[in-house]
Amino acid sequence: MSWDCEVFKFPMASPDDMSGLESRLAQGGLDAQDIVGIIAKTEGNGRVNDFSRPLAHRCFRDTIARWAKLAPAQTERQVAFVMSGGCEGIISPHATVFTRRRVDRAPGPSKRFSVAMSSTRELLPEELGGEVQVRLVADAVRQAMASAELDSANDVHYVQVKCPLLTTERINAAKQRGRRVVTEDTTRSLGFSNGASAFGIAVGLGEVKPDFDPRAICSDASVYTTRGAASAGIELMNCQVLVMGNSASSVSEYLIGHHRLEDLIDADGVRAALRSVGVTETPTSRIVNVFAKGQVPLDGLVRGWRTTLLTDSDLNTRPARAVLGTLVASVVGDPAIYASAGWGYHQGPTGGGVAAVIARA
């Protein structure tokens with residue numbers, strides 16, 4: 001028995017547009033019970049009050065539950081719903097669906113794409129951005145790696161975490177219990193949650209030792225994962241983890257590869273990610289999607305030049321996403337790519353990030 005893992009992408013006319021998913025389910029080539037994850041770019045603002053994310057989350061969950069004949073709560077336990085707000089610039093709103101199923105076929109000589117999900121328990125508001133979140137995510141990464149039958153961290157090429165953020169209500173709830181939160185700035189809580197999740201990815205993959213100093217969380221920029229990213233939102237209080245790699249147990253027709261991005265304009269890093277799956281010329285129908293994460297440089301500099309990313313009145317996440325999205329789309333020749341960017345730690349080198357590519361073998 002082997003795993004057959006598939007991935008497909010479809011456009012979205014709005015955050016509640018499920019027509020692309022409904023069409024594939026109606027055609028009969030897709031079983032809703034095989035879906036393990038959805039990563040979508042929604043056209044909200046990507047901030048604390050971005051309600052496009054929970055709207056899309058609920059619509060995807062209810063659609064899958066209806067077709068799979070499952071309760072919505074059960075669907076939540078089986079599927080990672082990564083709704084990423086913000087399609088600034090030329091990023092086209094879209095969704096990517098991941099499936100896995102057992103098949104009675106012998107795998108070939110080459111490792112192929114494999115994917116699995118795992119979830120943490122719900123976090124308390126005071127646990128967000130700290131050691132508890134790091135260790136919970138690390139455990140979930142290991143569990144998903146085992147489920148995907150990835151032999152080592154070298155076989156992992158992308159880990160996507162959907163994590164919570166702090167709202168006024170959650171901050172007040174912690175205060176009423178006499179607890180302190182990592183920040184009372186709800187917007188900055190996105191960065192702290194993303195950073196702790198990324199730190200957890202690094203621990204789970206063995207990039208950081210398990211006896212790390214907790215004081216390094218969201219403070220030591222020299223600590224980072226080279227193959228993962230996180231996206232915070234109001235729609236959940238646990239962390240959902242989607243691990244992707246290449247497995248000897250997979251008969252998938254897809255491959256995944258990745259490369260580190262040194263900064264928000266690292267086109268060579270994107271090209272290196274493409275080469276990791278054998279793509280040397282673009283555009284090409286081989287590419288299913290590119291998943292890129294970038295960070296706003298903590299010193300505001302890009303290749304030694306001053307930028308206004310940290311001083312402009314507009315929140316730095318939005319122009320950063322526009323820059324990263326345009327960079328990736330220009331290299332790939334496709335605006336329907338995943339790009340997430342903003343202030344934060346541990347998601348690549350300072351000011352950098354990661355690009356992962358899924359392509360047909």
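Regarding the range 191-203, can at least one residue be identified that is surrounded by fewer than 18 Cβ atoms within 10 Å (Cβ to Cβ) and at pLDDT 95 or above? Reasoning before the result, please.
So the first thing to find is which residues in the range 191-203 are surrounded by fewer than 18 Cβ atoms within 10 Å (Cβ to Cβ), and the list is none.
Checked against the condition, which is being surrounded by fewer than 18 Cβ atoms within 10 Å (Cβ to Cβ) and at pLDDT 95 or above, the range 191-203 yields no hits at all.
If the requirement is being surrounded by 20 or more Cβ atoms within 10 Å (Cβ to Cβ) and more than 25 Å from His57 (Cβ to Cβ), which of these qualifies: Cys218, Cys239, Cys163? Lay out the reasoning, then the answer.
On the way: Cys239 fails: more than 25 Å from His57 (Cβ to Cβ); Cys163 fails: more than 25 Å from His57 (Cβ to Cβ).
Result of the check over Cys218, Cys239, Cys163: Cys218.
For (1) closer than 24 Å to Phe192 by Cα; (2) at pLDDT below 95; (3) of a type in the set (Gly, Ala, Ser), each residue gets a yes or a no:
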site	(1), (2), (3)
Ala267	no, no, yes
Ala272	no, no, yes
Arg318	yes, yes, no
Thr326	no, no, no
Ile337	no, no, no
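Between a first residue in the range 103-122 that is over 24 Å from Ala80 (Cα atoms) and a second residue that is exposed (fewer than 12 other Cβ atoms within 10 Å of the Cβ), which pairs have beta carbons less than 9 Å apart while being 6 or more apart in sequence or on different chains?
Cβ pairs passing all conditions: Asp104/Met1; Arg105/Met1.
Could you tell me whether the range 93-116 includes any residue that is crowded, with 24+ Cβ neighbours inside 10 Å and within 30 Å of Arg179 (Cβ to Cβ)?
Within the range 93-116 (the criterion being crowded, with 24+ Cβ neighbours inside 10 Å and within 30 Å of Arg179 (Cβ to Cβ)), the answer is no, since none of the residues qualifies.
Just name the residue that is surrounded by the most Cβ atoms within 10 Å (Cβ to Cβ) out of those in the range 289-306 that are modelled with pLDDT of 95 or more and in a loop (DSSP other than H, G, I, E, B).
Applying the filter and picking the extreme gives Arg303.
Kindly establish whether Glu88 is assigned to a loop (DSSP other than H, G, I, E, B), of a type in the set (Asp, Glu), in contact with a Ser or Thr (Cβ under 7 Å, 6 or more places away or on another chain) and touching a residue at least 12 places away in the same chain (Cβ under 8 Å).
no
Take Leu123 and tell me if it is modelled with pLDDT of 95 or more, more than 30 Å from Arg360 (Cβ to Cβ), touching a Pro at 6+ places or on another chain (Cβ under 8 Å) and not acidic (Asp, Glu).
Details: modelled with pLDDT of 95 or more: yes; more than 30 Å from Arg360 (Cβ to Cβ): yes; touching a Pro at 6+ places or on another chain (Cβ under 8 Å): yes; not acidic (Asp, Glu): yes.
Judged against the criteria, Leu123 is a match.
Quick check on the range 262-286: of everything there that is in a loop (DSSP other than H, G, I, E, B) and within 19 Å of the chain's Cα centre (by Cα), which residue is farthest from Ser222 (Cα to Cα)?
For the range 262-286, the residue satisfying everything is Leu264.
Have a look at Ala140, Ala198, Ala146, Ala202 and point out the one that is in a helix (DSSP H, G or I), aliphatic (A, V, I, L, M) and more than 21 Å from Ser247 (Cα to Cα).
Of the residues listed, the single one that is in a helix (DSSP H, G or I), aliphatic (A, V, I, L, M) and more than 21 Å from Ser247 (Cα to Cα) is Ala198.
Mind counting the residues in the range 203-260 that are small (Gly, Ala, Ser), within 17 Å of the chain's Cα centre (by Cα) and farther than 22 Å from Trp343 by Cβ?
Narrowing the range 203-260 to residues small (Gly, Ala, Ser): 204, 206, 216, 219, 221-222, 228-233, 245, 247-250, 252, 257.
Applying the additional criterion that residues be within 17 Å of the chain's Cα centre (by Cα) yields 204, 228-233, 245, 257.
From what is left, the residues that are farther than 22 Å from Trp343 by Cβ are 204, 245, 257.
Total meeting the criteria: 3.
What is the residue count in the range 91-118 for residues that are assigned to a strand (DSSP E or B) and over 30 Å from Thr317 (Cβ atoms)? It would help to see each step written out before you state the result.
Narrowing the range 91-118 to residues assigned to a strand (DSSP E or B): 94-103, 112-118.
Then keep just the ones that are over 30 Å from Thr317 (Cβ atoms); that gives 99-103, 112, 114.
Of the residues in that region, 7 qualify.
Give the residue, chosen from Ala329, Ala322, Ala339, that is among the aliphatic types (A, V, I, L, M) and closer than 28 Å to Ala153 by Cβ.
Ala339
The values are calculated or read from the model by the stated rules, or taken from the named source; none is laboratory data. Source: prediction; values computed, not measured. Note that each Cβ is placed from the backbone with ideal geometry, even for glycine, and that neighbours are counted across all protein chains shown.
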